[in-house]
Amino acid sequence: MKNLFTLFCAIAFSTLFYQQSIGLNLLLFSILTCISIFIKTPSFVKKKEFILKLLAFLLTGIMVFMYNSSLVMTAYFIAFFTLIGSTAQEKNSIYINWINGIYSSVGSYFSNLYDNYYSEKDKKKIDYVYWLKILGIPIVFILIFTALYRNSNPVFDEIIEHIDLSFINFQWVMLSVLGYFLFFNISNAESIEPITTKDKTTGNLLHDKGFDEKNLSKIKYEKQLGLVLLSVLSLLILFFIGTDIFYLTEIYDMTAAELSKQVHNGVDALIFSNLLAIMIILYFFRGQLNFYNNKDLRQLTTLWIGLNLIVIISTVLKNTEYINSFGLTYKRIGVLFFLTITSVGLITTLIKVLKIKNLWYLFRVNLSVSFVLLVLSTTVNWDKIITYYNLYYLKEAEINYVIKLSNNNALLLKSYRDNHDIEKRFQIKIDKKYNEYLQELNDNSWQELVYDNLIIKSAENE
């Protein structure tokens, strides 16, 4: 039954994707993927963590149908590998899910085939030369003798000449084989050892290894160094925050060029300073200093992280004012995402210090949070948001910029063009973009349908 369903999925895969662009077909593939997993391992239905990853995968598939973009496609494939990797082995870190997901998608079939032929105690090297001879030599001689017989017998030659295999679409067949291979891998995911087991057995906490006289002297020295360094850096960042408050009072009088320079320079400096801050904290709290009398050092670390978060808030205010005055762009949205991830990094570093966590904790939590933010970011049609904001909220609409965005804003641009008096050159560009997108939608097969097809169809029926 399971093999028959895999064969059905292979044929469906070829039907969905053969000579088709991405649209509804990817969402249907996502649904088939989830069904394949549940048929193979129905117990996954009861596992909350797995269900969350499955929902994240389906959500990205829906977003591909709603509006395709590079961001959505990136999130889709990451969610796919996360899901497949979690079927290979449960309760692993997300980066192990990615590794196992990629490995399973490519190598599960061969791994299972090898395991079926050779037991664990009696595995031996496959004799590829032997199999090449068994398969290759007969094929070569069949071709040679067929050519000889065609030359010596006109009737045989005529029969061979009239053999017509054009009814077989070899590309479709090969895509079906690829689909079978992929769905077999999906429902028979494998994990890579020993990294999978090593990850599962590695916790998030640091362990006290005890002190000796030599070690204690070194720890005291590191604590003193940490207190001096963090005290000086805290005073420096306090002075910076004070000057930044004064700077914020003048932000409304700046030109676009001045504000742009300040925001970009501020973000670049913030990237380096926060990475450096995290590295300094990780250095001092990497080992036995976590178990020494370090309440004052922890308090100073908490203060310094809090001050760094204030600097991030200041940068958010600058970027927000930049957006309010001069419009939305992908770079300005990217700055906000970066500041969010940086804030999470500082907060998790503080948790690491206060709860005596290890470095693996930071990797696991921060990568998981980044994955969640990536998936959530796909639920927003950024081209449409940028277009709407720049056209309807700015004093002077940034029409030229939004026209250059993807076709996800084509319908909104057309609506704006029909209801507003804009320059003729912009009217021509918008009409051209809209008509080309409309033609693209009309040319879509059922596999390539997207949400805008439904919108256009609904408008035509009104």
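Derivation of every value follows stated rules applied to the coordinates shown; laboratory data play no part. Model, not experiment: these values are computed from the prediction. Here the Cβ positions follow ideal geometry from the backbone for every residue, glycine too, while neighbour counts run over all protein chains shown.
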Interchain or long-range residues, amide H under 5 Å from Lys357's placed H: Leu206
Degrees between helix 451-461 axis and first principal axis of the chain (Cα, 0 to 90, nearest 10): 80 degrees
18 Å cut-off, amide nitrogen to a point 7 angstrom out along Ile351 Cα→Cβ, residues in region 285-325: 302-303, 305-306, 309
Rough spin-label spacing in nm, given labels placed 7 Å along Cα→Cβ, for Phe272 and Phe145: 7.6 nm
Pairwise centroid distance, computed over Cα atoms, of region 12-41 with region 277-326, Å: 45 Å
Degrees, to the nearest 10: 359-377 long Cα axis against longest axis of the chain: 70 degrees
FRET efficiency estimate (nearest 0.05) - Cβ-Cβ, Glu460 to Lys48, R0 41 angstrom: 0.40
With at most 14 other Cβ atoms within 10 Å, longest stretch of the chain clear of loop trypsin sites (Lys or Arg not before Pro) (DSSP): 287-394
Whole-Hz couplings from phi, Karplus 6.51/-1.76/1.60, listed for region 4-15; x for Gly and Pro: 5, 5, 4, 5, 4, 5, 5, 5, 4, 4, 5, 5
Charged-residue dipole, Cβ positions (Lys, Arg, Asp, Glu), region 267-402 about Cα centre, Debye nearest 20: 580 debye
Cα→Cβ-extended label distance, 7 Å offset, between Leu303 and Tyr247, nm: 2.3 nm
Count of Lys pairs (Cα-Cα under 24 Å; at least 8 positions apart or interchain) in region 213-357: 20
Tensor-based shape of region 213-357 (alpha-carbon gyration tensor, a/c under 1.5 rounded, otherwise prolate or oblate): prolate
Exposure proxy ranking, count of Cβ atoms within 10 Å, fewest first, for Val365, Val64: Val365, Val64
Over the chain: helical MRE at 222 nm, DSSP H runs n ≥ 4 each giving -39500 (n - 2.57), nearest 500: -26000 deg cm²/dmol
Between region 381-444 and region 47-84, the alpha-carbon center distance in angstrom: 28 Å
Inter-probe distance in nm under a simple model that places probes 7 Å from Cα toward Cβ, at Lys200 and Leu317: 5.0 nm
Between 0 and 90°, nearest 10: helix 382-392 axis offset from the chain longest Cα axis: 60 degrees
Point-charge dipole on Cβ atoms (K/R +1, D/E -1) for the chain, about Cα centre, debye to 20: 1840 debye
Whole-Hz ³J(HN,Hα) from phi, Karplus 6.51 cos²θ - 1.76 cosθ + 1.60, for region 17-22, glycine and proline x: 10, 5, 6, 10, 8, 7
